[in-house]
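Step one of this worksheet: look at the structure below.
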Amino acid sequence: MSLLRALRQSGTLRTLDDALAQSLRRLDPSTPDEVLAAAALASLAVAQGHAAFDPTQPRQFVDGDLPWPDVDVWLSMLQESRFVASPDTMEAESVAAPLVLEDGLLYLRRYREYERRLALGLQRIAAQSLESNDAAIQPMFATLFPDAEHGDLQARAAALALRRALVLITGGPGTGKTTTIARLLVLRIAQAIAIGKPMPRIALAAPTGRAAERMSESLRRAAQQMEASNVAEGLLAALPASASTLHRLLGTIPDTTRFRHDAGNPLPFDIVVVDEASMVDLPLMCKLVEAIADGAQLILLGDADQLPSVEAGDVLAAILSADSLHDHRVHLQRGWRQSAALQLAPLAEAVREGATAKTLALLRGGTLSNVHFHEGVDDPLQARPQLLEHWRALATSADPADALMQANRLRLLTALREGPQGARALNARIEAALSGRRIGTPPTWFPGRLLLITRNHYPQQLYNGDVGVCLPDEQGVPLAWFAGEGGVRAFHPAALPAHESAFAMTVHKAQGSEFDEVWLQLPRIGSRVLSRELIYTAMTRARDVLHIAGGADAIEAALSRHASRVSGLGRRLSTRPTSREPQ
């Protein structure tokens, strides 16, 4: 049996993946089956979050035995194919072939170009230096960072941002990333004044609307703290008032994948700060970096231990792995966002290390305050009836703003979308319990229904990840209410972009959000989706209370696996460019 047919019969390939292989076959019927199968797998790789397909590790996609060719023979076939380009250097643009073979990885050409352009763009920014006058702002630096002489990492990050055009600030929840940003931006403003330059134009952005909202809130709190420390009001007034989504920052062009701001029309900002950088996928990061003007500064904030982006690439991890960018990074370590009542740090450390025995001992020991392990539980609705009670209460709220606030107090998170413990099945059961309709019937717009936007809709300013609630207006008309900059906004249900129910959501969808109480439901049956990054991301969404439900075998399977992605970006960034592309 041919490899392509075996892949089809195993159910591995999507229709789109197989269509690519068949298109190549029609263009050249003599194309070897192994090349067609590799093309289909390169397409599948992108759908599964990888930048490329690695022929030496084909079992990343398929469980079970298939007629895999010898790796050396397979690579030789790919090199000889008319459909596969092999560029001379990592910086060279590939010829117009649908596939690219480079450094042992097979790319769809578009994604190889995203990697190449992103690497060159980051190297361009990193090579630039900033004009500084440290002596003039030293007194303010000492005021904002009184522990600078005692190894304060926040102070080190701020000092780095006064000199480097590319800055990477990483750390877990509550380690002070946003506080550090607020203070270093004040220093950059004071620095500009000291050397007689105009106030820097500053932009704050995040991948999702919720993450941007959280960034804005954190910056406002940090500004209030500085105001209490007698930082000049004029400096604080120059801070940006709010953050936007990356798509809004770059300027979407309807019905295209392009943005208004690019290399030919750069962003009109001197400093661009991006939070939740681990969520930014390869194409979007490429377009952002290319839109950073020469001489401007890019600051990326993120938690390297979180899940990578849903779409292709693990960009933040690749950037951090590059030795050439080591001097551009500071990793913050002290403090956690969670309340004093939630003792999460020891558990988070054990999960990050993949220490299964230690993790289970902590969960079973009951010594961590407000951390609850429901071992063997695979039905959260039976195990914790309070979940349904919480959602029922939303229907009686007279104030949509209050309902949204209450909704964000608690969230049921799942590892999977499908299956008995997946978000889709749990949402169907919850909808049936709350609305009185049978499971399987189309959901209705019943009061208290929570909605999750799954596709950006820029005219309405509704973005992937936004959560709303269904409540009637004063005339009894059912409407969907979402938070906005000026308060809640109402939409007729028929006018909403793509959406789904949000009582339960996958951990991926919850990135960039936080809740007072989190229930993480693990699947009964093992899945390759389980990873230590998934567990870590889920648990760090909780502020006050964390519940983890499932079997010890699911936790062991998760902690034994990294959510790794196939990528060549780290190697590209570790290779010094031989030439500079014209902009």
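Here is how the numbers come out for the structure above:
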| quantity | calculated |
| --- | --- |
| Placed amide H near S244: partners under 5 Å, 5+ positions off or other chain | L204, A205, A206 |
| Burial ranking of peptide ranges 199-205, 92-98, 357-363 (average Cβ count within 10 Å, highest at the top) | 199-205, 357-363, 92-98 |
| Residues whose placed amide H lies under 5 Å from that of H372, excluding near-sequence neighbours | L546, H547, I548 |
| Magnitude of the charge dipole, segment 115-154, Cβ model with Lys/Arg +1 and Asp/Glu -1, debye to 20 | 440 debye |
| Listed peptides 32-40, 2-10, 431-439, 466-474 by packing density, highest first (mean Cβ within 10 Å) | 32-40, 466-474, 2-10, 431-439 |
| Gained length - V477 relative to E113, 0.36 nm times residue gap less alpha-carbon distance | 126.1 nm |
| For segment 30-174, Kirkwood radius (reciprocal of mean inverse C-alpha pair distance, Å) | 19.0 Å |
| Sites T89 and E500 - FRET efficiency at Förster radius 30 Å, r taken between beta-carbons, to 0.05 | 0.10 |
| For q = 0.05, 0.07, 0.08 Å⁻¹, Debye-computed log10 I/I(0) when each Cα of the chain counts as one equal scatterer | -0.23, -0.46, -0.60 |
| Under Karplus coefficients 6.51, -1.76 and 1.60, residue-wise ³J(HN,Hα) of segment 373-382 in Hz, glycine/proline x | 10, 9, 5, x, 7, 10, 10, x, 6, 7 |
| Label point at R417 placed 7 Å out along Cα→Cβ; residues across segment 283-319 whose backbone nitrogen lies under 19 Å | 283-284, 307-314 |
| Extension gain (nm, one decimal) between H372 and T454, 0.36 nm per residue minus Cα-Cα | 26.5 nm |
| Beta bridges per DSSP with both ends in the chain, % antiparallel, nearest 5 | 40 percent |
| Net lengthening on full extension, Q461/R59 (0.36 nm per residue, minus Cα-Cα) | 140.6 nm |
| Over segment 246-297: Rg over Rh, Cα atoms, Kirkwood Rh | 0.94 |
| Calculated SAXS-style log₁₀ I(q)/I(0) at q = 0.16, 0.21 Å⁻¹ - segment 188-285, Debye, Cα scatterers | -0.78, -1.13 |
| Of P254, A232, L187, farthest towards positive along the dipole that unit charges on Lys, Arg, Asp, Glu beta carbons give the chain | P254 |
| Accessible surface of the chain, 1.4 Å probe, proportion on carbon and sulfur as whole % | 49 percent |
| Å² of accessible area per residue within the chain, as computed with a 1.4 Å probe and no ligands counted | 43 Å² |
| Theoretical FRET efficiency, 1/(1+(r/R0)^6), r = Cβ-Cβ of R220 and D399, R0 30 Å, to 0.05 | 0.85 |
| Gyration tensor verdict on segment 362-448 (Cα atoms; rounded if a/c is under 1.5, prolate if a/b is larger than b/c, oblate otherwise) | oblate |
| Farthest toward positive dipole pole in the chain [+1 Lys/Arg, -1 Asp/Glu at C-beta], among N456, Q60, H50 | N456 |
| Theoretical FRET efficiency, 1/(1+(r/R0)^6), r = Cβ-Cβ of L27 and N230, R0 56 Å, to 0.05 | 0.20 |
| Computed label-point distance, nm, for sites E349 and D323 using a 7 Å Cα→Cβ extension | 3.0 nm |
| Among T356, S560, V545 - extreme Cα towards positive end, dipole of the chain, charges at beta-carbon | V545 |
| Dipole magnitude of segment 69-137, debye to nearest 20 (Cβ charges: Lys/Arg +1, Asp/Glu -1, about Cα centre) | 340 debye |
| Only Lys, Arg (+1) and Asp, Glu (-1) charged, at Cβ; segment 426-528 dipole about Cα centre in debye | 600 debye |
| Label-point separation, T15 to E389 (7 Å along Cα→Cβ), nm | 4.6 nm |
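The values are calculated or read from the model by the stated rules, or taken from the named source; none is laboratory data. Keep in mind that what you see is a predicted model, and the values were worked out from it rather than measured. FYI the Cβ positions are ideal-geometry reconstructions off the backbone, even for glycines, and counts take in every protein chain you see. Please note that ligands, DNA and RNA were not included when accessible areas were found on the heavy atoms of the full protein model with its side chains. Shrake-Rupley method; radii C 1.70, N 1.55, O 1.52, S 1.80 Å.
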